[in-house]
Amino acid sequence: MTYGLSRDDAGRFMNTYVRQGVFPEDPFHILDVDGVGELLHIGAERGRKTRPDLTLSICGEHGGNPESIEFCRKAGFDYVSCSPYRVPMARLAAAHLAVDERRNSIRPMA
């Protein structure tokens, strides 16, 4: 509850907030990496300091957003979950990230 907003109520005013520049994007659709993301990093770091085997994940619409999936992967989260209609996009985004990581880790022989 970083922003003190309810997803159930935000639909009535969020588009206006985005148009007026209060939020760059709907924070229920795209993870705010500077604000919420920082809190997730702090929680992950402190949680894993206490329990190194701690499983980290997010659920909801963020779990189906490619940018949010990339954030979670880089932050060391174990998995994301999302609504069924977003699963194909989430799987594709995760696969692209895995391919990019593999491509970047393979260095051509000199």
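The values are calculated or read from the model by the stated rules, or taken from the named source; none is laboratory data. On a predicted model such as this, the values are computed, not experimentally measured, just so you know. Here the Cβ is made from the backbone with ideal geometry for all residues, glycine too, and neighbour counts use every protein chain on show. Calculation scope for accessible area: heavy atoms of the full protein, side chains included, ligands and nucleic acids excluded. Shrake-Rupley method; radii C 1.70, N 1.55, O 1.52, S 1.80 Å.
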Once you have the Cα-Cα distance between L54 and F13, take 0.36 nm times their residue separation minus that, and quote the gain in nm to one decimal. 11.1 nm
Please determine, in degrees from 0 to 90 and to the nearest 10, the orientation of helix 87-105 with respect to the longest principal axis defined by the Cα atoms of the chain, where the helix direction is its Cα long axis. 40
What's the FRET efficiency of H41 with A95 using the Cβ-Cβ distance as r and R₀ = 41 Å, to the nearest 0.05? 0.95
Output wanted: per-residue J couplings in Hz (rounded whole) for segment 55-64, from phi through Karplus 6.51 cos²θ - 1.76 cosθ + 1.60, θ = phi - 60°, x for Gly and Pro. 8, 10, 7, 10, 9, x, 5, 4, x, x
With a cut-off of at most 15 other beta carbons within 10 Å, and DSSP calling the residue loop, which trypsin sites (Lys or Arg not before Pro) in segment 3-67 qualify? Please list them. R12
Stokes-Einstein at 20 °C, 1.002 mPa s, Kirkwood radius from Cα pairs: D for segment 14-110 in µm² s⁻¹? 144
Ignoring ligands, DNA and RNA, what accessible area per residue does the chain give at 1.4 Å, in Å²? 73
Place +1 on the Cβ of every Lys and Arg and -1 on the Cβ of every Asp and Glu in the chain, take the dipole about the Cα centre, and give the residue among P24, A98, G4 whose Cα lies farthest towards its positive end. A98
For the pair D26 and S83, the simple spin-label estimate (label points 7 Å beyond Cα toward Cβ) gives in nm 0.9
Give me the percent of accessible area attributable to carbon and sulfur for segment 16-110, probe 1.4 angstrom. 56
